[in-house]
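What follows is a short report on a single structure.
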Protein chains: 2
Amino acid sequence: MTARRDPDGRREAIVRAAVETIAEVGLGQVTHRRIAARAGVPLGSTTYYFPTLDDLVAAALREGTEAARALLEDWAEALTVSPDPAATLVELAERYLADWDRALLEYELYLAAARTPRLRPVAALWTDGLRGICARFAGPARGFALAALVDGAMLQALVAGGPLEAETLRAGADALLSPRTAAGST
Amino acid sequence: MTARRDPDGRREAIVRAAVETIAEVGLGQVTHRRIAARAGVPLGSTTYYFPTLDDLVAAALREGTEAARALLEDWAEALTVSPDPAATLVELAERYLADWDRALLEYELYLAAARTPRLRPVAALWTDGLRGICARFAGPARGFALAALVDGAMLQALVAGGPLEAETLRAGADALLSPRTAAGST
DNA sequence: TCTGTACATGTACAAATGTACATCAGCGGG
DNA sequence: CCCGCTGATGTACATTTGTACATGTACAGA
C-alpha cells in the first residue's frame, strides 16, 4: 500500500529527524543528507519544505525546545505540591538529564543563540521558563540564581559525561530555597 | 627582510589563530583555510604541523583553556584577600565575561567534551579549577554548587547576549557563602 | 476522463573541504 | 661552495555539501 500524501506529517517527520540529528552529531555536523536519511525521505524533500538548512535547523531547535519547555509545567506542579522542593528539584533535573539527547540539544541551542541573535527567543523559552519557576519558590534574585545553578549543574554533568551531582545541586537548592528570605524578600 | 625560520613560533601562531577562529565562528565552521588565513600562513602549513584538523582543534582548545585556567589563580588570590568574596566573585565573573571570545571558547569546549570523551580532561582544567576555588570558600557541596552557578550564570548571559546578571550571581553567592555552614560543614 | 495544482523526487552543479605530497627553500656543517 | 636534512609551500584530488530545478506523481474538481 503506497503511502498517501501527508505534507504536514512529512514536514513534521523532517523536523523531528532534524532534532534527533542535531542531538546526535551536533549543529556543526548536521547536513541535509543526514536529516533526510534519518527521516526516511529523499534529499530533495528537505529543501522542498525548508528554503535553507538554517531554516530547518531553526525549526528543529524550536520544536525541541518547546517540548522541553512543556516539561517545565510538570516541574512547576511537582515543586508546588512537594514537601521538599529542593529534593524534588534535584529529581526533576536528574530526570531531565536522563534524556541525554534532549539535554545536548538544549546546550547546542544555547551556544547557537550566543552567536545568532535570532535564536535567542527560542533559547529564552527554556531559560525564562525555568527562571520563572525558580523565582516562584525563591524570589527573583535567588530564583534566577537557582535557575542558573540548575543549568550549570546539568552542563557540568554533560561535560563530565556522568550523572548529575545530586549533592551539589541539593546543597545549592537548599541554600537558595532556605526559608530565610525566599518568600518575602524583594 | 625575509622572516627567518621559526617552527615553534609558527606552530604557536597557528594554534593561536585556531583559538581565535573557534571563538569567532564556532567549532562547526572551523576550517583549515580559515585558520591559515588568520595565522597568515599558507594552507599546507596547517597540515604540516598537525596531522588532522581535529588535532589542531584539540590543541587550540587546550591552549585556550590553559590560559583561562591560569586566570583562576588570580581568582583564588583575589577571593582570599577580599573582605567580601561574594562581591569579588561577581566582579571576577564579569571581567571574565568581558572577553566574550574566551567565554564562547569555553562553552564550545564544554559542548565538544560532552560528545567527545577525549576532550574531557581539557574541559576539566576549568571546571575542576573553578570548583576547587569555590570549595575553598564554601566547602565541597556548596562550593561545587557555587561553581555550577558561576558557569550557569555566565552561560545565561551569553545566551541572552548581554552582561552578567550581577544581582543574580550576587544573591546566589551570598547564599552559598553564608557563614552558616561554609567553613565547617562536611 | 481530463486538467491544473500541489506534492515529491532525484539529478546536477558549483563551491568548499580535508588531506596528501611533490617540490622548493632555508640552514648548518663539512 | 656543496650537500643533506628540515622546514615550508602550493597544487591536486576525491569527497562532501547546499541548493536549484526539471520532471514525475498524486489528487481534487469540473
At a probe of 1.4 Å, how much accessible area disappears from chains A and B on forming the pair, both sides counted, to the nearest 100 Å²? 3300 Å²
Which parts of region B:89-117, residue by residue, lose 10 Å² or more of accessible area when the rest of the protein chains are there, as against the chain isolated (1.4 Å probe)? B:Trp100, B:Leu104, B:Tyr107, B:Glu108, B:Tyr110, B:Leu111, B:Ala114, B:Arg115
Given the options B:Cys134, B:Pro51, B:Leu155, identify the residue whose Cα lies farthest towards the positive end of the charge dipole of chain B (+1 on Cβ of Lys, Arg; -1 on Cβ of Asp, Glu). B:Pro51
What's the FRET efficiency of B:Arg95 with A:Asp128 using the Cβ-Cβ distance as r and R₀ = 22 Å, to the nearest 0.05? 0.25
Once both label points are put 7 Å beyond Cα along the C-beta direction, the B:Val25-A:Ser82 separation in nm becomes 4.4 nm
Based on the alpha-carbon gyration tensor of the protein assembly as shown, what equivalent-ellipsoid semi-axes (square roots of 5 times the eigenvalues) come out, in whole Å, largest first? 35, 31, 15
Once phi is turned into θ = phi - 60°, what whole-Hz ³J(HN,Hα) does the Karplus curve with 6.51, -1.76 and 1.60 give for every residue of region A:134-142, x standing for Gly and Pro? 5, 5, 5, 9, 10, x, x, 5, 5
Excluding B:Leu72 itself, calculate the net charge of residues whose Cβ lies under 15 Å from the Cβ of B:Leu72, where each Lys or Arg counts +1 and each Asp or Glu counts -1. -4
Region A:47-176 accessible area per residue, 1.4 Å probe, protein heavy atoms, integer Å², reads 38 Å²
Show me the ranking of peptides A:60-69, A:43-52, A:169-178, B:25-34 by mean Cβ neighbours inside 10 Å, starting with the highest. A:169-178, A:60-69, B:25-34, A:43-52
Between helix B:100-115 and chain B, what is the angle of the helix's C-alpha long axis to the longest principal axis, kept within 0 to 90° and rounded to the nearest 10? 90 degrees
Report the relative contact order of region B:7-177, percent, no decimals, based on alpha-carbon pairs under 8 angstrom and at least 6 residues apart. 20 percent
7 Å along Cα→Cβ for the label point: how many nanometres lie between B:Gln29 and each equivalent label in the other copies, listed shortest first? 2.0
Could you work out how far helix B:7-25 tilts from the main Cα principal axis of chain B, as a 0 to 90 degree angle to the nearest 10? 60 degrees
Top mean-square fluctuation among A:Ala138, A:Ala98, A:Ala153, Gaussian network model of chain A, C-alpha springs under 10 Å? A:Ala98
Net charge near A:Ile133, counting Lys/Arg +1 and Asp/Glu -1 over other residues with Cβ under 14 Å of its Cβ? -1
State log₁₀ I(q)/I(0) for region A:7-176 at q = 0.11, 0.12, 0.16 Å⁻¹ as given by the Debye formula over alpha-carbon point scatterers of equal weight, solvent excluded. -0.49, -0.57, -0.91
If you roll a 1.4 angstrom probe over the protein chains with everything in place, what fraction of the accessible area of region A:1-116 belongs to carbon and sulfur, to the nearest %? 49 percent
What nm distances, shortest first, do you get from the label point of A:Asp6 to those in the other copies when the point sits 7 angstrom along Cα to Cβ? 6.4
Each label point is 7 Å from the Cα along the Cα-to-Cβ direction; what then is the distance between the points at A:Glu73 and A:Arg16, in nm? 2.0 nm
Charge dipole (debye, nearest 20) of chain B; +1 at Cβ of Lys and Arg, -1 at Cβ of Asp and Glu: 600 debye
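The values are calculated or read from the model by the stated rules, or taken from the named source; none is laboratory data. Worth saying up front: this structure is predicted, and the values here are computed from it rather than measured. All Cβ positions, even for glycine, are placed from backbone atoms using ideal geometry, and neighbour counts span all protein chains on display. Protein only, heavy atoms only, side chains kept; ligands, DNA and RNA dropped before computing areas. Shrake-Rupley method; radii C 1.70, N 1.55, O 1.52, S 1.80 Å.
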